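Student: Here it is, the structure in full.
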Amino acid sequence: MRAVAQQRLAAAYQEFTEAVYRDGLLAATEDASGAVPQLPPEVEIQQLWAKGMLPAQGETERHGIVRILDAGLWNRGAGADFLRAEIEIGGVVQRGDIEIDPAAQDWERHGHGANPHFNEVILHVVFTRPPKGWYTRDSQHREIPILYLEPETWQKASGISPKQTSLQLPRCVAPLAQMPLENIQSLLKAAAAHRAEKKRKLFRAKAQQLGIEQAWYEALAETLGYSANKGAMRLLASRAPLKQLAGREEAILFGVAGFLLPILPEKADATTRAYHRSVWDAWWPAQQDFALSDGREIPWVYAATRPQNHPHRRVAALAAAARQWGKIYPLLHAAGAKRLSELLTHLRHPYWDTHYTLPSAPAKKRMALAGAARINDFLVNHVYVQDESEEAWQSYLVMKTTALPGSIGRTAQRLFGEREDVRPLLRHYFAHQALLQIDADFCAGNSCRTCLFPEQLAQWKTPALN
């Protein structure tokens, strides 16, 4: 049975939010600098293209309408980003390569114009409006059509809320101090329901392009990456698709991740050398199909990560999960959440149970590959979100945590100050999701000093749910 209350709360939040903007309460002024919203890393833009999440049609400045018939193969080596693509431009079908850059000028900055490896490029896709009169040309001085995609296209595909620029609004003065607690609770539930609805739509769009199991596999990979390496793990799962692992999970994942070295440090012990050799031997025949060339490496983050969360262990956890995929996949719904949690909690590996990195000495105690916090994060952000049943919604609402991440805590402080009766609500995961949504809709990119949004939230009334 569908969770009717969740749907109505989500609709109420969306209607209220749209009314705030529509009525001019948050009318943004145009940024005089002409700056565009900050793009994600280039490799994430490529990932969106590879998944078919960006528009398949657009208009070039001098060549008319272009339609993307085949986005091409995501290149692992030198040359253009996508190979053997197919487009229709000016009514003519063309086959060749596609290069994707944040700005048209990057073509020359990266030396593509003088590089014969880029002579097969038939379309240059950019995300910053090209300067007037700009031409992209190859080493034979042939013009390459430019397709400019507006910020809204990649923001929508990424699930990012468009950021506001500058606001001319009065200073807010703790407007939620007198709001009834039940109204605050319904507000947070509504914002969480709206966020869940957005995530559900984005996931289903990905599943349509990638297949449902690959979409789930990438979602789990992203969760296992923690905050520092979410994007890197998602990219790894894209570059090492689930269906292509075929019993070689560790070899392909560690190889594509760039973690396998021909020679280990001399201080590595016999156990480490034996494990590394077994993985390397399986990777060696596979690397021709999977290895990434220089400049296309996975962008791992090592700073400010706990030893247990080192990227090597995150990849090991994904490999262990991929080996158990036949058991994991049937449990990706609310009714299977308990068994799913038990399965992920008990992922084991004879090497990774006691090692932080490939060359590290063994730890004294066994370490979990997937801790309870990661599993709960996966349930909250993916499993319960994708299940539209009443059971999923109620399970989502009762989940609690003792941690209040810094960014969420700052949003809570801005809205509720020191109000004590709100604190128990903030132990719920749904409240965290709600505050993330409110921050994305109204806080990010805006000035707290002049923000009127909290004053408008004080007008919130709990919608009728029956």
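The values are calculated or read from the model by the stated rules, or taken from the named source; none is laboratory data. Remember, predicted model here, so these are calculated numbers, not experimental data. Cβ coordinates were reconstructed from backbone atoms using ideal geometry, including for glycine residues, and neighbour counts include every protein chain displayed.
Student: Out of the residues in the range 301-332 meeting the condition of being in a loop (DSSP other than H, G, I, E, B) and touching a Leu at 6+ places or on another chain (Cβ under 9 Å), tell me which one is farthest from Glu213 (Cα to Cα).
Tutor: Ranking the candidates gives Gln324 first.
Student: I've got another one for you. Could you say whether any residue in the range 186-193 is charged (D, E, K, R), within 30 Å of Glu420 (Cβ to Cβ) and surrounded by 20 or more Cβ atoms within 10 Å (Cβ to Cβ)?
Tutor: Yes: one or more hits.
Student: Let me ask something else. Among the basic types (Lys, Arg) and under 27 Å from Lys51 (Cβ atoms): is that true of Arg109 in this structure?
Tutor: yes
Student: Return yes when Gln208 is polar (S, T, N, Q) and either outside any helix (DSSP H, G or I) or free of Cβ contacts under 8 Å to residues at least 24 places away in the same chain (or both) and no when it is not.
Tutor: Yes.
Student: Can you tell me which residue is modelled with the highest pLDDT among those in the range 5-28 that are loosely packed, with under 15 Cβ neighbours inside 10 Å and part of a helix (DSSP H, G or I)?
Tutor: Glu15
Student: Right, another one. If Ala251 satisfies every condition in (1) closer than 30 Å to Ala412 by Cα; (2) outside any loop (DSSP other than H, G, I, E, B) but one, which is the exception?
Tutor: Going through the list (1) closer than 30 Å to Ala412 by Cα; (2) outside any loop (DSSP other than H, G, I, E, B), Ala251 breaks only (1).
Student: Now for a separate question. Select from the range 138-157 the residues that are in contact with a helix residue (DSSP H, G or I) (Cβ under 7 Å, 6 or more places away or on another chain) and either at pLDDT below 80 or crowded, with 16+ Cβ neighbours inside 10 Å (or both) and write down the one among them that is nearest to Arg195 (Cα to Cα).
Tutor: Of all residues in the range 138-157, those in contact with a helix residue (DSSP H, G or I) (Cβ under 7 Å, 6 or more places away or on another chain) come to 138-139, 154, 157.
Keeping just the survivors that are either at pLDDT below 80 or crowded, with 16+ Cβ neighbours inside 10 Å (or both) gives 138, 154, 157.
On the way: Asp138: 44, Trp154: 18, Ala157: 15 Å.
The qualifying residue nearest to Arg195 (Cα to Cα) is Ala157.
Student: Being among the small types (Gly, Ala, Ser) and surrounded by fewer than 16 Cβ atoms within 10 Å (Cβ to Cβ) is the requirement here; does Ala373 meet it?
Tutor: Yes, satisfied.
Student: Hey, Leu415 hits all of (1) buried (at least 20 other Cβ atoms within 10 Å of the Cβ); (2) over 16 Å from Asn309 (Cβ atoms); (3) touching a Ser or Thr at 6+ places or on another chain (Cβ under 6 Å) but one; which does it fall short on?
Tutor: Only one criterion is unmet by Leu415, namely (3).
Student: Quick check on the range 348-399: of everything there that is under 21 Å from the mean Cα position of the chain (by Cα) and not in a helix (DSSP H, G or I), which residue is nearest to Ile212 (Cα to Cα)?
Tutor: Asp387
Student: Kindly indicate which of Arg306, Arg323, Arg314, Arg339 is closer than 25 Å to Asp269 by Cα and surrounded by fewer than 17 Cβ atoms within 10 Å (Cβ to Cβ).
Tutor: It is Arg306.
Student: Residues Ile100, Ile160: which one is modelled with pLDDT of 90 or more, under 17 Å from Glu42 (Cβ atoms) and under 23 Å from the mean Cα position of the chain (by Cα)?
Tutor: Answer to the selection: Ile100.
Student: Would you confirm whether or not the range 272-283 contains a residue that is farther than 27 Å from Gly77 by Cα, surrounded by fewer than 12 Cβ atoms within 10 Å (Cβ to Cβ) and in contact (Cβ under 8 Å) with a residue 24 or more places away in the chain?
Tutor: No - not one qualifying residue is present in the range 272-283.
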